[in-house]
Amino acid sequence: MKVKFATTCLVISMMLTPVLGFTADSNTDHSGPVTFVKDSVITTKIKTKLAAETHLGSLKDIKVDTDKNGAVFLSGMAHNQAEVDKAVSIAHDTKGVVTVHNDIRIMEHK
């Protein structure tokens, strides 16, 4: 009876091990919930400001990422240098931003 119980427990634990592995937080660059919320708030503020620039249509397509130290990473495509400059300016002027890394490319017109 003890062997059967021990075997059953072993089988159940082996079956649950992969499930527990998948539930681990894969977002390891955030040190905790407070940091994650801060990063999300900064990113959301910048994306909202970019989307509000309706006269500069491509700004809404700019990708924005923020790390736990307040560094903002901009990427994507813009129509011209003025749009790139505006996106960088918006990011710099957002509360909580320490530095801005610009990787926005200008689209080639054919």
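The values are calculated or read from the model by the stated rules, or taken from the named source; none is laboratory data. In this text, all values refer to a predicted model and were calculated from it rather than measured experimentally. As a convention, Cβ positions derive from the backbone with ideal geometry for all residues, glycine included, and neighbour counts pool all protein chains shown.
For this structure, a couple of remarks:
- Qualifying residues in the range 55-92 (those that are among the basic types (Lys, Arg) and under 17 Å from the mean Cα position of the chain (by Cα)) - the one farthest from SER40 (Cα to Cα): LYS60
- Residues (of a type in the set (A, V, I, L, M) and surrounded by 16 or more Cβ atoms within 10 Å (Cβ to Cβ)) located in the range 58-97: LEU59, ILE62, VAL64, VAL72, LEU74, ALA78, VAL84, ALA87, VAL88, ILE90, ALA91, VAL97
- Tabulated pairs, the range 50-69, first farther than 10 Å from ILE90 by Cβ and β-branched (Val, Ile, Thr), second surrounded by 16 or more Cβ atoms within 10 Å (Cβ to Cβ) and at pLDDT 90 or above, C-beta under 6 angstrom, 6+ apart or interchain: THR66/ILE42; THR66/THR43; THR66/VAL72
- Flag for SER40 being at pLDDT 85 or above and part of a helix (DSSP H, G or I): yes
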